[in-house]
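**Q** This is the structure I have questions about; it appears just below.
The values are calculated or read from the model by the stated rules, or taken from the named source; none is laboratory data. Because the structure is a prediction, the values reported are computed rather than measured. Heads up, the Cβs are rebuilt from the backbone with ideal geometry, glycines too, and the neighbour counts pull from every protein chain shown. Side chains included, ligands, DNA and RNA excluded: accessible areas come from the protein's heavy atoms. Shrake-Rupley method; radii C 1.70, N 1.55, O 1.52, S 1.80 Å.
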There are 2 protein chains.
Amino acid sequence: MADEQVQHDEQQEDAAAEVVEDDRLLRLAADFENYKKRVARERAEYVTFANERLIKELLPVLDDLERALQAADEHEEAKLEEGVELVHRALASLLERHGVKEISTEGKFDPHVHEALLSQPSEAEEGSVIDVVQKGYTIGDRVVRPARVIVSE
Amino acid sequence: MADEQVQHDEQQEDAAAEVVEDDRLLRLAADFENYKKRVARERAEYVTFANERLIKELLPVLDDLERALQAADEHEEAKLEEGVELVHRALASLLERHGVKEISTEGKFDPHVHEALLSQPSEAEEGSVIDVVQKGYTIGDRVVRPARVIVSE
């Protein structure tokens with residue numbers, strides 16, 4: 001009788017332990033599911049917010065451009081030119097703040113950051129960049145746009 | 001003996017079931033941890049990538065601006081003006097593609113999207129917008145920048 005009692009208690013304990021374990025498993029699975037859903041929701045928001053900050057910084061550039069155009073309408077050439085310089089400085093410094101850097105085109109052609117549009121005979125050393133058709137830019141160690149160049153044959 | 005064997009088998013089964021359960025719990029917990037780490041890593045990347053796409057689209061605007069400045073340097077006024085118009089159209093359409101919309105300033109002052117800089121006596125209806133000092137913009141239903149306006153007293 002005592003033996004049976006012990007066995008019965010052990011079985012009950014095992015069953016209780018299993019229920020606790022099951023409960024932990026179910027709760028963890030539910031937490032995981034909820035986390036995944038929240039992440040998916042936030043993911044879309046991150047992109048929107050990141051863009052929004054940049055777009056907010058772009059609005060003054062648009063303002064300056066519109067003022068420059070107004071100066072052009074009123075045939076105020078000096079003011080127009082000044083305005084365009086202002087817009088250029090504003091946009092360049094905005095890009096710089098966001099980690100954008102111009103790719104150097106001094107010296108040798110570098111296939112990692114340059115794109116050769118054509119090669120031409122020249123007095124420069126073979127394989128060196130002799131002209132830049134379009135400037136290139138990086139953000140950190142990523143090439144956003146390679147520099148399009150002409151290379152010495 | 002047979003009874004003991006049954007009891008022994010049951011205990012072994014219970015123990016085995018517990019091991020399986022423990023294993024599932026541990027694996028789920030590990031999956032959850034890994035998922036959290038990956039999400040944190042990706043979060044930073046999302047912002048970078050989102051910005052990078054927008055920045056990539058801004059580079060041609062910068063190119064056009066530089067060409068306009070070159071025209072200014074060479075005193076080609078018509079080309080400068082044309083260039084500025086091009087830049088303006090490019091930037092405006094970029095913002096439009098990203099869901100940016102100009103806030104209407106027709107009619108009544110709306111505190112949700114307008115910011116009153118001052119109020120002035122005028123012939124217009126009381127509380128209506130009579131002048132726009134700075135244009136305002138929305139993205140979706142969010143105000144990126146309120147329109148700064150002058151309101152009729």
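**Q** Failed condition for residue B:120, given (1) surrounded by 14 or more Cβ atoms within 10 Å (Cβ to Cβ); (2) more than 11 Å from every other protein chain (Cβ to nearest Cβ), with all others met?
**A** Tallying (1) surrounded by 14 or more Cβ atoms within 10 Å (Cβ to Cβ); (2) more than 11 Å from every other protein chain (Cβ to nearest Cβ), residue B:120 fails exactly one: (1).
**Q** How many residues are of a type outside the set (Val, Ile, Thr), under 22 Å from the mean Cα position of the chain (by Cα) and part of a loop (DSSP other than H, G, I, E, B) when one looks only at region B:100-127?
**A** Final tally of qualifying residues: 2.
**Q** Do the conditions hold for residue A:133, that is, is it exposed (fewer than 15 other Cβ atoms within 10 Å of the Cβ) and of a type in the set (A, V, I, L, M, F, W, C)?
**A** Against the criterion (exposed (fewer than 15 other Cβ atoms within 10 Å of the Cβ) and of a type in the set (A, V, I, L, M, F, W, C)), residue A:133 qualifies.
**Q** Considering only region B:18-45, state which residues are within 16 Å of residue A:26 (Cα to Cα), at the interface with chain A (Cβ under 8 Å from one of its Cβ atoms) and open to solvent by less than 50 Å² (accessible area, probe 1.4 Å).
**A** B:21, B:25, B:28, B:29, B:32 - these are the residues of region B:18-45 that are within 16 Å of residue A:26 (Cα to Cα), at the interface with chain A (Cβ under 8 Å from one of its Cβ atoms) and open to solvent by less than 50 Å² (accessible area, probe 1.4 Å).
**Q** Report whether or not residue B:80 is closer than 27 Å to residue A:65 by Cβ, out of contact with any strand residue (DSSP E or B) (no Cβ under 9 Å at 6 or more places or on another chain) and not small (Gly, Ala, Ser).
**A** It is true that residue B:80 is closer than 27 Å to residue A:65 by Cβ, out of contact with any strand residue (DSSP E or B) (no Cβ under 9 Å at 6 or more places or on another chain) and not small (Gly, Ala, Ser).
**Q** How many residues, within region A:56-99, are outside any helix (DSSP H, G or I) and open to solvent by 60 Å² or more (accessible area, probe 1.4 Å)?
**A** 3
**Q** Among the numbered conditions (1) hydrophobic (A, V, I, L, M, F, W, C); (2) surrounded by 11 or more Cβ atoms within 10 Å (Cβ to Cβ); (3) at pLDDT below 95, tell me where residue A:113 comes up short.
**A** (3)
**Q** Sticking with this one: If I filter region B:82-90 for residues that are at pLDDT below 95, β-branched (Val, Ile, Thr) and in contact with a His (Cβ under 8 Å, 6 or more places away or on another chain), do I get at least one hit?
**A** No, because not a single residue in region B:82-90 is at pLDDT below 95, β-branched (Val, Ile, Thr) and in contact with a His (Cβ under 8 Å, 6 or more places away or on another chain).
**Q** Let me ask something additional. Can you tell me which residue in region A:136-149 is surrounded by the most Cβ atoms within 10 Å (Cβ to Cβ), limited to those that are of a type in the set (A, V, I, L, M) and farther than 10 Å from residue A:105 by Cβ?
**A** That would be A:144.
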